[in-house]
1. Could you look through the stretch 134-171, keep only residues that are assigned to a helix (DSSP H, G or I) and open to solvent by less than 20 Å² (accessible area, probe 1.4 Å), and pick out the one that is farthest from A10 (Cα to Cα)?
2. For S15, which of the numbered conditions (1) open to solvent by 10 Å² or more (accessible area, probe 1.4 Å); (2) over 16 Å from the mean Cα position of the chain (by Cα); (3) under 19 Å from R219 (Cβ atoms) fails to hold?
3. Which strands (runs of 3 or more DSSP E) sit wholly inside the stretch 1-114 and have at least 3 residues that are touching a residue at least 60 places away in the same chain (Cβ under 8 Å) and within 29 Å of P253 (Cβ to Cβ)?
4. Looking only at the stretch 235-263, which residues are open to solvent by 50 Å² or more (accessible area, probe 1.4 Å) and either at pLDDT below 85 or in contact with a Phe, Trp or Tyr (Cβ under 9 Å, 6 or more places away or on another chain) (or both)?
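The values are calculated or read from the model by the stated rules, or taken from the named source; none is laboratory data. Model, not experiment: these values are computed from the prediction. Here the Cβ positions follow ideal geometry from the backbone for every residue, glycine too, while neighbour counts run over all protein chains shown. Ligands, DNA and RNA are stripped out before the accessible areas are found, and what is left, the full protein with its side chains, is counted by its heavy atoms. Shrake-Rupley method; radii C 1.70, N 1.55, O 1.52, S 1.80 Å.
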Amino acid sequence: MKRNYKIGLALGSGSARGLAHIGVIEALKSHGIEFDILSGSSIGALIGALYCCGIDFKYVKALCKELPQKVYLDVSIPRIGFVKGEKIQEFIKLITRNCDFKDLKIPLMVTATDLKNKCLKIITEGKVHEAVRASISVPGVFVPYIKDDMIFVDGGVLERVPARALKDAGTEFVIGVDVGFNLTTSSCKSIFHVLYESIDLMERELFALKKQDCDYLIRVDLNDMDPTRFDNVEICVKRGIEAAEKALPEILPHLEKINKTRF
């Protein structure tokens, strides 16, 4: 049954650039904005899950700067993906405390692309770490996540900023966050860069053609950021804060009207 939510936040895909979502959330909350529901694609699903689980972002920032890749990346001989994804799933399971969707502090909707059935899947039940693993499965980089009769790859393939799911759930005002595309660099110094930049280009064209369903879209300028460098977390967070604060004069008047009817 359709539920009615007041304020929703849709966090988009973008690999390591998605760490800017942390800054956006911190800035909006510092101005008293509370979210009734979140949605996320790919890295947006991960950041959204951490927030909805009640994880303190200061620990996430520290992990991004200090944690070696070998802890969460299990590179394999490529057949359908370079990274098996088992390590990162266990890591997500750990930091989300093996949480179930029904136990989340704030409702969360995770998007993933189902290759078997050729459609977008909105995941709202089961284990959170399984849903996030499905949503972050960048084609060619990660081995797809297989569950039941579905073969999942990155949610951003079909829904870069998953605002429509929130609207369909009856959300009154949806703030979308897009962390941009890698447009100014083209190093292609590894197979991972080739794959990430190719998908970035594809998503940019799809994003330009597709109607965005959010009421307000925050764009974070991260065009110069390497999508594989999670250690750039401080820069990404800072730019997320700056983008959110720049948007606040336009967002706040709408939310003030909504908050008057919240209770």
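1. Filtering the stretch 134-171 down to residues assigned to a helix (DSSP H, G or I) leaves 134-135, 155-157, 163-168.
Then drop every residue that is not open to solvent by less than 20 Å² (accessible area, probe 1.4 Å), which leaves 134-135, 155-156, 163, 165-166.
Working: A134: 17, S135: 14, G155: 12, G156: 12, A163: 5, A165: 9, L166: 8 Å.
Checked the stretch 134-171; the qualifying residue farthest from A10 (Cα to Cα) is A134.
2. It fails just one condition, (2).
3. So the answer is 5-11, 37-41.
4. Residues satisfying the conditions are E250, H254, E256, K257, N259, K260, T261, R262, F263.
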